[in-house]
Structure formats: C-alpha cells, structure tokens
Amino acid sequence: MTSAASPSPAERFEEIRPEPRQLWIRFRPRRWPGAAGAWLDLGRLRLGAPGEAGAALPAPPEAPDDVVYLPPAAEGLEGSRRRLAGRLAAAGAPVLFQVRPGGAAPPAGAIGLWDPTEALLAGDPAPLAAVPAGGAALWPLVPGVTDGGELVAVGLGRLAAAGAAFVLPVVPDLTPEERRDLASGEEAYRALFHGGRPSVRSFARAAHRHGLEPFFERPLPGAPPRLASNRALAGHLARIAELWLALGRPESRGQAFFRAARWIDREAVDLARLAVEGNLGVVAWLEPAARDLIEELAEAGTTGLLAELRREYLKGEEER
C-alpha cells in the first residue's frame, strides 16, 4: 500500500529512452497539470492538454541524472514549477523548461525552450521576435497549417533577426478531433486528413539557410564526469544514427549506431578514457564501426562522419 508520504506512480515522473527527435528527454511527468491553450507536449510528441483544477505538480525523479522535462503548468502553479526546476538543476540534472510567449525567462540553471505553438497555429509569427538572443524556439510542424509557405519564411526571418540560435521542429501526433479543429479551410483539411507527414528535413534546410541550428545537442548531467562523458558519446552516436537513417543509408548500420548509443548510456566505465588509453578493445559488445567513431571522438571531439551527414542532410535541393 502506498503511504501518504510516498507519491503514487501516477504522481511521479517516468523514465523513457532519450532520443534526438524528443530533445533527449529521459524523465517526463506521467501526469501534469498543463497550461490552457495550445502548446507542444515534448514528452509525448503531441499537443499538450490542460490539467485538472486543483492538481499539483508531480514529485521529482528520485535520481535525476539526465534530462528532465517540465512542460508549461496551469495558472497558479508557475512558482512551484520554477522552484522544482531550481531544485533539479541544483542536483545536477539538465532541465528543459518550456516557456510560452509572455512568460518569464527560465530560472537559473534550466534550459529554456520558447513555444509559440498557439500563435503559429493562428498564423501569427509575431511572438517569434521575442525569443531571446541565443535562445531555442520550438516549431510545431502541422500539415497544411504551419509547415510551409509565408509563415515559415517570415517566422524564421523573425527568429534570425532576434538572434535566436536554435529552432527545433516537432511533428505532433494529432487526434482526429484536433485535426478537425485545425482544418480552417479545404486545403488545410486535405493536408491534415489526406496529406503526408510534414518534412522535418525541408524545414531544417530552411532554418539552416536563415543561420538557425535545427539540431539540439544533448544536455549533459553535472556529475560524475564519467557519466557526462558517456552521455556525450551516446548522443553523438544517436545523432549519427538518426541522420544516417533519414538519408536512406543502410538500415543495419544505422541501427548498429543506435544500439551502441543505448549500450553506452548504460555503461559504467568511461569509454572516452579507455579510447585515449588504447583499451577500447576490452569492451566486447562494442561493434567495430562504433568503436572507430568513439576513438575519433576521444581524439578530436567530433567525427568526420557526423559532419558529412549534417552537410548532406542540410544541403539544398539546388545543391543535390
């Protein structure tokens, strides 16, 4: 039986597999008293839902050693959310703190993600001008509504003029009811119900042309150094795997890179140190292709393969 002092599972955060497309989130709330209006639920890659009246924030993860996601909270809970973010950051956890237009900047130590979803769904790019210099903005890619045309061109221009560093495209899974609500015209209706999935790659190329970075590096825990080092290696390999598969390269090799990233995430030994010492061969599960990349990373801090894949992925149609 759960005691009064111990939160039930529904009142806690749950652990998921961190992936590039989900901004490296490992801990997401099972249940969250969300803000009213439209926003992106990054923990589930869908539109966020308002919370029940009187609900409270969940208890923080017991061992927050990776990225913790804090969505927008219902009115009256913003102070509690900011205090939770501060406690998690002080414990060494990377915290993704979602900010909606007009909201206060994230607390010290948290990583701000500016979410203009409500305005963009209404066709209004104006709030993008308020994203702070060096900041990261989210962009919901909704077919026939926010995935092309003048809205993207004007919106990316506003972000670039504001000095934003990142714009991170997210394709939310939409319910039939949400699709009906968003279908403001015949063209949008066809795109929402009969069109294909919006092209993340096309959006990323457009962002790149505006000087904006469409890829979000994995935030690392504060300590111990071994954990941060392995998480950085795993993030690098996962990004390579993601781009490799997006470019249509052989599936088996891409999955091998993903497999290595997941193993590294659970590894207790500092693999970068082993590589520097020339002892990486003792790690029996490490496949040759991943071993070569780790050795290159340990020596140079990056890999030629990632640079090659980035160039190919972001290359414009006229360059291909």
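The values are calculated or read from the model by the stated rules, or taken from the named source; none is laboratory data. Predicted, not measured: the structure shown is a model, and the values here were computed from it. For neighbour counting, all protein chains shown are included, and Cβ atoms are generated from backbone atoms with ideal geometry for every residue, glycine included. Areas reflect the complete protein model, heavy atoms only, side chains present, ligands, DNA and RNA absent. Shrake-Rupley method; radii C 1.70, N 1.55, O 1.52, S 1.80 Å.
Some observations on this one:
- Residue in the stretch 73-81 that is open to solvent by 20 Å² or more (accessible area, probe 1.4 Å) and free of Cβ contacts under 8 Å to residues at least 24 places away in the same chain present: yes
- THR146 falls short on exactly one of the conditions (1) open to solvent by 10 Å² or more (accessible area, probe 1.4 Å); (2) at pLDDT 95 or above; (3) in contact with a helix residue (DSSP H, G or I) (Cβ under 6 Å, 6 or more places away or on another chain), and that condition is (1).
- Members of the stretch 93-113 that are in contact (Cβ under 8 Å) with a residue 40 or more places away in the chain and in contact with a strand residue (DSSP E or B) (Cβ under 6 Å, 6 or more places away or on another chain): ALA93, LEU96, GLN98, ALA110, ILE111, LEU113
- For first residues located in the stretch 278-306 and under 12 Å from LEU233 (Cβ atoms) and in contact (Cβ under 8 Å) with a residue 40 or more places away in the chain, partners that are part of a loop (DSSP other than H, G, I, E, B) and open to solvent by less than 60 Å² (accessible area, probe 1.4 Å) and lie 6+ apart or on another chain with Cβ distances below 7 Å form the pairs LEU293/THR303; LEU297/THR303.
- Tallying residues that are open to solvent by less than 20 Å² (accessible area, probe 1.4 Å) and farther than 18 Å from LEU271 by Cα within the stretch 217-234 yields 1.
- Considering residues of the stretch 163-178 that are open to solvent by 30 Å² or more (accessible area, probe 1.4 Å) and either of a type in the set (Asp, Glu) or under 23 Å from the mean Cα position of the chain (by Cα) (or both) only, the residue farthest from ASP115 (Cα to Cα): GLU177
- Just so you know, in the stretch 36-61 the residues that are in a strand (DSSP E or B) and in contact with a strand residue (DSSP E or B) (Cβ under 6 Å, 6 or more places away or on another chain) include one that is most open to solvent (accessible area, probe 1.4 Å), and it is ARG46.
- Once the stretch 247-258 is narrowed to residues that are open to solvent by less than 20 Å² (accessible area, probe 1.4 Å) and in contact with a Leu (Cβ under 8 Å, 6 or more places away or on another chain), the residue that is farthest from LEU293 (Cα to Cα) is GLY254.
- For the criterion of being over 22 Å from the mean Cα position of the chain (by Cα), buried (at least 19 other Cβ atoms within 10 Å of the Cβ), at pLDDT 90 or above and among the small types (Gly, Ala, Ser), ALA275 passes.
- Test for GLU299: is it open to solvent by 70 Å² or more (accessible area, probe 1.4 Å) and under 23 Å from the mean Cα position of the chain (by Cα): no
This table checks each residue for (1) modelled with pLDDT under 95; (2) in contact with a Cys (Cβ under 8 Å, 6 or more places away or on another chain); (3) open to solvent by 50 Å² or more (accessible area, probe 1.4 Å).
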site: LEU212; (1), (2), (3): no, no, no
site: ARG239; (1), (2), (3): no, no, no
site: ALA260; (1), (2), (3): yes, no, no
site: ALA268; (1), (2), (3): yes, no, yes
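- Strands (runs of 3 or more DSSP E) fully within the stretch 62-145 counting 3 or more residues that are not hydroxyl-bearing (Ser, Thr, Tyr): 95-99, 111-114, 136-140
- Index of the failed condition, ALA160 passing every other in (1) surrounded by 15 or more Cβ atoms within 10 Å (Cβ to Cβ); (2) touching a Gly at 6+ places or on another chain (Cβ under 7 Å); (3) farther than 29 Å from ARG259 by Cβ; (4) modelled with pLDDT under 95: (4)
- Of the listed requirements (1) under 23 Å from the mean Cα position of the chain (by Cα); (2) farther than 20 Å from TYR313 by Cβ, PRO288 misses just one: (1).
- Qualifying positions in the stretch 180-199 - surrounded by fewer than 18 Cβ atoms within 10 Å (Cβ to Cβ), assigned to a helix (DSSP H, G or I) and not acidic (Asp, Glu): ARG180, ALA188, TYR189, ARG190, PHE193, HIS194
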